[in-house]
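Visitor: Got a structure for you, written out below as structure tokens; questions coming shortly.
The values are calculated or read from the model by the stated rules, or taken from the named source; none is laboratory data. No experiment lies behind these values; they were computed from the predicted model shown. We place every Cβ from the backbone using ideal geometry, glycine too, and count neighbours over all the protein chains shown.
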Amino acid sequence: MDIFVGVIVGLVVLMALVTVHEFGHFMMARRNGVRVLEFGICFPPRAIAWVKNPKTGKWTRIPRSDWKKPQEGLIFSLNWLPIGGFCQMDGESAADTREGTFGRASFWRKTKILFGGVAMNWLVAMIIFTILAWTGMPEFLENQFTIDADTRVNAVPVEVSSVAENSPAAKAGFIAGDLIISVDGNDYYHASEISDYNGTKKGETVTYRLKRGEEEFDAEVSLNPEGSEYLLGITMKTTQTLSYSTWSAPIVGVGLTAQLTGETFKGVGIMLWNLISGVGSQFSFDESVRENGQAAISEVGDSVSGPVGIIGVLFPSFTSAGPTNLAFLAALISVSLACMNVLPIPALDGGRWLLIAIYKVRRKKLSKETEEKIVARAMMVLLALIFIVTILDVTRFFR
């Protein structure tokens with residue numbers, strides 16, 4: 001049931017984020033004198049549609065029998081396939097020169113229209129992060145952006161989940177449910193931090209401050225030496241830390257969006273480098289180089305997630321973790337959509353802009369046939385990549 005609810009929530013969130021992206025194109029097109037023929041939520045086949053009378057401004061429902069007939073005003077439609085939305089502009093080819101078409105618009109206006117969707121996705125992320133900064137921001141990143149002067153951290157101590165028999169922890173009196181207040185006087189709120197500290201104290205005595213019920217007490221532990229099965233002998237559970245801001249919440253919203261944008265581009269760069277270097281290393285005569293390259297290629301496959309992975313795995317887990325985590329995931333995906341559409345892939349906004357910019361610099365006219373060929377081939381490559389990633393997602397899902 002959790003998976004089913006998570007999938008439904010995932011579809012709704014992704015559809016909303018893509019629709020917001022298309023709404024950015026819609027607003028920029030209308031503001032820059034480009035006619036929009038239809039704005040649709042979800043993808044065809046069409047379920048219901050209305051048309052706006054250009055003279056009276058009134059909306060009327062279009063009968064099913066007239067769906068295929070050209071309409072004079074803007075069409076707003078609801079469609080059956082829940083995979084986003086679309087904004088159909090008049091004359092979307094750069095070669096179109098009719099008045100009010102996308103092709104007739106100046107280069108600067110085309111730029112604003114093409115990147116209107118990207119701007120909307122970044123804006124949505126900023127708004128969500130601003131709200132979370134007020135209501136409680138989850139900490140998912142190391143050195144996550146905050147304004148220290150206006151940040152209150154609601155940190156919860158690490159909890160002991162289990163204690164191994166005859167372990168140093170058991171001998172020191174640890175039991176499941178104890179809260180670790182400090183280690184040698186240092187406050188730690190993540191299990192990994194405690195494990196890292198223990199790693200620097202192998203074979204030494206460490207003082208833990210524990211809380212059991214309402215009682216706090218010290219427990220001295222002689223950690224196992226290096227090479228042992230474990231140093232302390234416990235498993236730990238980290239309860240999520242939330243940070244709260246007041247006046248700086250909008251600044252945190254903008255700053256965290258910028259930080260995640262940088263991390264996204266950095267991740268894409270690392271992924272491409274691993275892929276290129278991994279494939280190139282397969283032509284080496286050195287077996288160790290080929291093995292390292294294969295590991296790099298495998299790392300790329302593990303780090304990429306497509307629609308199946310996002311909807312079938314991420315959303316169910318984040319949905320069950322509560323609305324705060326779900327909102328954070330939605331904002332993160334909104335940032336990812338913005339970043340992906342900036343990339344110079346001809347089938348995406350950034351690629352279309354680059355194509356138009358190249359022909360403008362060359363002072364050559366971009367013909368409709370040339371544009372369609374480039375975009376179509378890029379779309380084929382993009383669909384092939386989505387297909388491969390989907391297969392990897394399904395494989396991981398049933399692993």
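Visitor: Residue under question is Glu193, and the condition is that it be surrounded by 15 or more Cβ atoms within 10 Å (Cβ to Cβ) and touching a Ser or Thr at 6+ places or on another chain (Cβ under 7 Å); does it hold?
Guide: no
Visitor: What is the one condition in (1) hydrophobic (A, V, I, L, M, F, W, C); (2) more than 30 Å from Thr370 (Cβ to Cβ); (3) surrounded by 17 or more Cβ atoms within 10 Å (Cβ to Cβ) that Ile48 does not satisfy?
Guide: (3)
Visitor: What single numbered condition from (1) in the same structural domain as Pro344 (by TED's automatic domain parsing); (2) among the aliphatic types (A, V, I, L, M); (3) surrounded by 15 or more Cβ atoms within 10 Å (Cβ to Cβ) fails to hold for Val163?
Guide: If we test Val163 against (1) in the same structural domain as Pro344 (by TED's automatic domain parsing); (2) among the aliphatic types (A, V, I, L, M); (3) surrounded by 15 or more Cβ atoms within 10 Å (Cβ to Cβ), just (1) comes out false.
Visitor: Right, next: Look at Val5 and say whether it is buried (at least 17 other Cβ atoms within 10 Å of the Cβ) and of a type in the set (Val, Ile, Thr).
Guide: no
Visitor: Report yes if Val34 is within 28 Å of Ala338 (Cα to Cα) and part of a helix (DSSP H, G or I), otherwise no.
Guide: no
Visitor: Report yes if some residue within segment 105-112 is over 21 Å from Thr19 (Cα atoms) and part of a loop (DSSP other than H, G, I, E, B); otherwise report no.
Guide: Checked segment 105-112: at least one residue is over 21 Å from Thr19 (Cα atoms) and part of a loop (DSSP other than H, G, I, E, B).
Visitor: Looking at (1) surrounded by 13 or more Cβ atoms within 10 Å (Cβ to Cβ); (2) more than 28 Å from the chain's Cα centre (by Cα), which is the only condition Arg61 fails?
Guide: Status for Arg61: all satisfied but (1).
Visitor: Filter segment 71-94 down to the residues that are assigned to a strand (DSSP E or B) and either among the β-branched types (Val, Ile, Thr) or in contact (Cβ under 8 Å) with a residue 60 or more places away in the chain (or both) and list them by number.
Guide: Ile75, Pro82, Ile83, Gly84, Gly85, Phe86, Cys87, Met89
Visitor: Does Leu231 satisfy the criteria of being in contact with a Pro (Cβ under 8 Å, 6 or more places away or on another chain) and either within 25 Å of Gly255 (Cβ to Cβ) or buried (at least 18 other Cβ atoms within 10 Å of the Cβ) (or both)?
Guide: yes
Visitor: Oh, and also: Mind checking which helices (runs of 4 or more DSSP H) fall wholly inside segment 287-388 and carry at least 2 residues that are more than 28 Å from Ala119 (Cβ to Cβ) and at pLDDT below 65?
Guide: Fully inside segment 287-388 and qualifying: 287-303, 315-320.
Visitor: Just need a number here: residues in segment 93-111 that are within 25 Å of Gly57 (Cβ to Cβ) and buried (at least 16 other Cβ atoms within 10 Å of the Cβ).
Guide: Qualifying residue count, segment 93-111: 5.
Visitor: Here are Thr60, Thr97, Thr101, Thr56: which of them is without any contact (Cβ under 8 Å) to a residue 60 or more places away in the chain, hydroxyl-bearing (Ser, Thr, Tyr), outside the structural domain of Gly351 (by TED's automatic domain parsing) and under 26 Å from Glu372 (Cα atoms)?
Guide: Exactly one of Thr60, Thr97, Thr101, Thr56 is without any contact (Cβ under 8 Å) to a residue 60 or more places away in the chain, hydroxyl-bearing (Ser, Thr, Tyr), outside the structural domain of Gly351 (by TED's automatic domain parsing) and under 26 Å from Glu372 (Cα atoms), namely Thr97.
Visitor: Enumerate the pairs (first residue in segment 164-183 and within 13 Å of Arg209 (Cα to Cα); second residue anywhere and charged (D, E, K, R) and part of a loop (DSSP other than H, G, I, E, B)) with beta-carbon separation below 8 Å, excluding pairs fewer than 6 apart on the same chain, so at least 6 apart or on different chains.
Guide: The qualifying pairs are Ile181/Asp187.
Visitor: Among the residues of segment 24-37 satisfying the criterion of being within 13 Å of Phe86 (Cβ to Cβ) and crowded, with 18+ Cβ neighbours inside 10 Å, which is nearest to the chain's Cα centre (by Cα)?
Guide: Once the filter is applied, the top-ranked residue is Gly24.
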